[in-house]
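A quick write-up on the structure given underneath.
The values are calculated or read from the model by the stated rules, or taken from the named source; none is laboratory data. As the structure is a computational prediction, the values presented were derived from the model and not from experiment. Cβ atoms come from the backbone with ideal geometry, glycine included; neighbour counts cover every protein chain shown. Areas reflect the complete protein model, heavy atoms only, side chains present, ligands, DNA and RNA absent. Shrake-Rupley method; radii C 1.70, N 1.55, O 1.52, S 1.80 Å.
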Amino acid sequence: MDAKLVNPFIDALVNVMPQMGFDVPKRVSMSVQNQTCKSLGVSLIVGFTKGLRGNVVYNMTEQSAKFIASKMMMGMPVENLDEMAQSALSELSNMLTANAATNLTAMGYEVDISTPSLTVGQDFQIKISGEQYLVVVMDLGGENMELNIAVQ
Amino acid sequence: MERLKVLIVDDSRVSCSILQNILSKTNFGTCEVACSCAEAIDKYQSFKPDIVTMDMNLPDADGIECTRRIKDIDPSARILMISAMKDASLIAQGRSAGISSFLQKPVNPNELIDALMFLCQDISDKIGELKDLYVDAFVKVLQKSLFSLVGVHSEVSSHLAVGNYLDVDGIAVIIGLTGMPMGRAIVYMDHDTMRKFACVLLGKESDAELTEEEASDAVEEAANIIVGRGASTINDLHDSEMRISPPGTIAGSNIRIANFKMASFVITAETRLGNICMNIGFAEGE
């Protein structure tokens with residue numbers, strides 16, 4: 001897939017995260033993987049269709065997930081990834097993907113997005129593409145979030 | 001659509017936990033508790049419940065007075081009185097204050113659910129509409145597709161999902177639904193059913209000939225076909241433009257998938273290969 005398609009997703013993070021009190025996210029690494037990604041513990045999958053068809057997975061450790069949820073909830077301590085914290089993360093993935101969709105439109109790809117599915121587990125894999133997909137690791141101010149982007 | 005929100009107004013911890021326990025097993029899952037009239041007014045404004053259960057005896061006012069104050073803030077508030085006392089005089093006073101329905105403690109769970117469903121009929125009508133418009137189409141498509149793909153007959157049933165979580169041991173294929181309505185479909189089954197299903201679909205003589213990757217790919221492709229057919233059927237029936245995203249396939253054990261702000265339905269097909277299930281969820285407000 002075309003590597004320039006990661007930019008709308010990275011830009012979405014750079015746009016949205018500071019609005020919620022995060023530092024401006026920095027790109028740590030970018031790579032290409034085949035078919036299946038291993039969940040880091042908490043994974044949010046959002047699908048998109050129309051001008052482009054694919055999936056984006058926001059993949060993170062439980063610790064990163066708690067850090068992000070806490071920050072989103074005005075610094076409220078998050079001991080467990082409870083329903084409220086999970087709901088906040090779901091909302092975040094929705095906002096990020098909607099923002100990325102707007103960025104994709106500016107590149108000439110109009111896309112519709114699905115509702116997010118948040119998946120939690122100790123040891124599971126997610127196949128998001130029949131071929132290769134792109135992995136971008138972003139630093140959100142001490143904790144990382146991995147973006148897996150697959151476009152057909 | 002979100003699960004319906006209930007504010008329990010009762011100064012007895014025991015009564016509150018009994019009600020919470022009953023509600024946790026239903027679609028009226030999200031609860032807040034207020035132990036006094038003042039707290040009830042505060043929580044009504046911050047939590048914005050779909051329905052309030054009201055006790056008669058509160059430390060700072062009675063249930064009738066508390067109802068009046070809530071009705072002052074929101075004349076359309078739905079209030080159900082749940083009290084140890086239930087007599088003609090109390091019912092008359094309650095009705096004049098705007099209480100729609102009365103139950104006596106101890107509460108029978110079925111009576112409580114019926115009363116809540118009745119009071120929230122306008123909300124439950126939306127659930128009925130989603131079921132009629134979309135879920136029933138997926139029920140038929142699942143049954144037909146299983147027969148055409150692997151030649152199995154199935155008993156298919158559907159019901160409203162309880163809670164925000166779906167627990168999966170085996171495989172789950174998540175497919176996004178975009179357009180109107182927006183949501184997602186998940187086709188899932190346990191590991192053993194996945195292997196049996198894949199053997200039949202791929203025409204393998206024995207399980208030993210099948211790799212894990214082939215098995216999960218077979219289920220993924222079948223899910224893609226089933227959800228695609230379902231969406232097309234809905235588009236034809238309702239002149240809508242539902243589209244499906246490519247599948248995201250999750251394999252493993254003890255996986256928990258959460259969906260918030262959704263009305264979701266579980267469709268189960270019982271087959272000789274095992275249970276093949278679908279969870280169809282639609283975003284709130286669609």
Would you please list the contacts, defined by Cβ atoms under 7 Å and residues six or more apart or on different chains, that run from a residue in segment B:187-212 that is modelled with pLDDT under 95 and surrounded by fewer than 23 Cβ atoms within 10 Å (Cβ to Cβ) to a residue that is of a type in the set (A, V, I, L, M) and not in a helix (DSSP H, G or I)? B:Lys204/B:Leu210
Go through segment B:257-272 and give me each residue that's open to solvent by 10 Å² or more (accessible area, probe 1.4 Å) and either touching a Leu at 6+ places or on another chain (Cβ under 7 Å) or at pLDDT 95 or above (or both). B:Thr268, B:Glu270, B:Thr271, B:Arg272
Confirm whether B:Asp42 is open to solvent by 20 Å² or more (accessible area, probe 1.4 Å), within 18 Å of B:Lys105 (Cβ to Cβ), out of contact with any helix residue (DSSP H, G or I) (no Cβ under 6 Å at 6 or more places or on another chain) and among the acidic types (Asp, Glu). no
Of the residues in segment B:111-135, how many are at pLDDT 80 or above, within 25 Å of B:Gly63 (Cα to Cα) and open to solvent by 50 Å² or more (accessible area, probe 1.4 Å)? 1
In segment B:148-166, is there at least one residue being farther than 19 Å from B:Met182 by Cβ, surrounded by fewer than 18 Cβ atoms within 10 Å (Cβ to Cβ) and touching a His at 6+ places or on another chain (Cβ under 9 Å)? no
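Per-residue answers, yes or no, for (1) under 22 Å from the mean Cα position of the chain (by Cα); (2) over 16 Å from A:Leu118 (Cα atoms); (3) at the interface with chain A (Cβ under 10 Å from one of its Cβ atoms):
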{"site": "B:Ser154", "(1), (2), (3)": "no, yes, no"}
{"site": "B:Val162", "(1), (2), (3)": "yes, yes, no"}
{"site": "B:Tyr165", "(1), (2), (3)": "yes, no, yes"}
{"site": "B:Ile174", "(1), (2), (3)": "yes, no, yes"}
{"site": "B:Thr178", "(1), (2), (3)": "yes, yes, yes"}
{"site": "B:Val187", "(1), (2), (3)": "yes, no, no"}
{"site": "B:Thr193", "(1), (2), (3)": "no, yes, no"}
{"site": "B:Lys196", "(1), (2), (3)": "no, yes, no"}
{"site": "B:Cys199", "(1), (2), (3)": "no, yes, no"}
Can you tell me how many residues within segment A:100-140 are closer than 22 Å to A:Val42 by Cβ and either open to solvent by less than 40 Å² (accessible area, probe 1.4 Å) or at the interface with chain B (Cβ under 10 Å from one of its Cβ atoms) (or both)? 25
Where in segment A:1-75 are there strands (runs of 3 or more DSSP E), lying wholly inside it, with at least 3 residues that are under 14 Å from the mean Cα position of the chain (by Cα), buried (at least 17 other Cβ atoms within 10 Å of the Cβ) and within 14 Å of another protein chain (Cβ to nearest Cβ)? A:42-50, A:54-60
So, B:Arg243, is that one surrounded by 18 or more Cβ atoms within 10 Å (Cβ to Cβ), within 14 Å of chain A (Cβ to nearest Cβ) and touching a strand residue (DSSP E or B) at 6+ places or on another chain (Cβ under 6 Å) or not? yes
Specify the residue that is nearest to A:Val56 (Cα to Cα); the eligible residues are those in segment A:101-127 that are in a helix (DSSP H, G or I) and touching a strand residue (DSSP E or B) at 6+ places or on another chain (Cβ under 7 Å). A:Ala101
Going through (1) modelled with pLDDT of 95 or more; (2) open to solvent by less than 30 Å² (accessible area, probe 1.4 Å); (3) within 13 Å of another protein chain (Cβ to nearest Cβ) one by one, B:Glu221 fails only at (2)
Which of the residues spanning segment B:69-91 are surrounded by 10 or more Cβ atoms within 10 Å (Cβ to Cβ) and of a type in the set (A, V, I, L, M)? B:Ile70, B:Ile73, B:Ala77, B:Ile79, B:Leu80, B:Met81, B:Ile82, B:Ala84, B:Met85, B:Leu90, B:Ile91
Among (1) within 11 Å of another protein chain (Cβ to nearest Cβ); (2) within 13 Å of the chain's Cα centre (by Cα); (3) touching a residue at least 24 places away in the same chain (Cβ under 8 Å), the one test that A:Glu91 misses: (3)
Of B:Ala208, B:Ala258, B:Ala269, which residue is aliphatic (A, V, I, L, M) and within 13 Å of chain A (Cβ to nearest Cβ)? B:Ala258
Quick one: is A:Met84 over 19 Å from A:Ile128 (Cβ atoms), more than 13 Å from chain B (Cβ to nearest Cβ) and at pLDDT below 95? no
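To keep it simple, each residue is scored yes or no on (1) more than 26 Å from A:Thr36 (Cα to Cα); (2) in contact with a strand residue (DSSP E or B) (Cβ under 8 Å, 6 or more places away or on another chain).
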{"residue": "B:Glu155", "(1), (2)": "yes, yes"}
{"residue": "B:Val168", "(1), (2)": "no, yes"}
{"residue": "B:Ala172", "(1), (2)": "no, yes"}
{"residue": "B:Leu177", "(1), (2)": "no, yes"}
{"residue": "B:Met180", "(1), (2)": "yes, no"}
{"residue": "B:Lys196", "(1), (2)": "no, yes"}
{"residue": "B:Asp207", "(1), (2)": "no, no"}
{"residue": "B:Glu220", "(1), (2)": "no, yes"}
Quick test of your reading of the structure: B:Ile186 fulfils all but one of (1) part of a loop (DSSP other than H, G, I, E, B); (2) touching a strand residue (DSSP E or B) at 6+ places or on another chain (Cβ under 7 Å). Name the failing condition by number. (1)
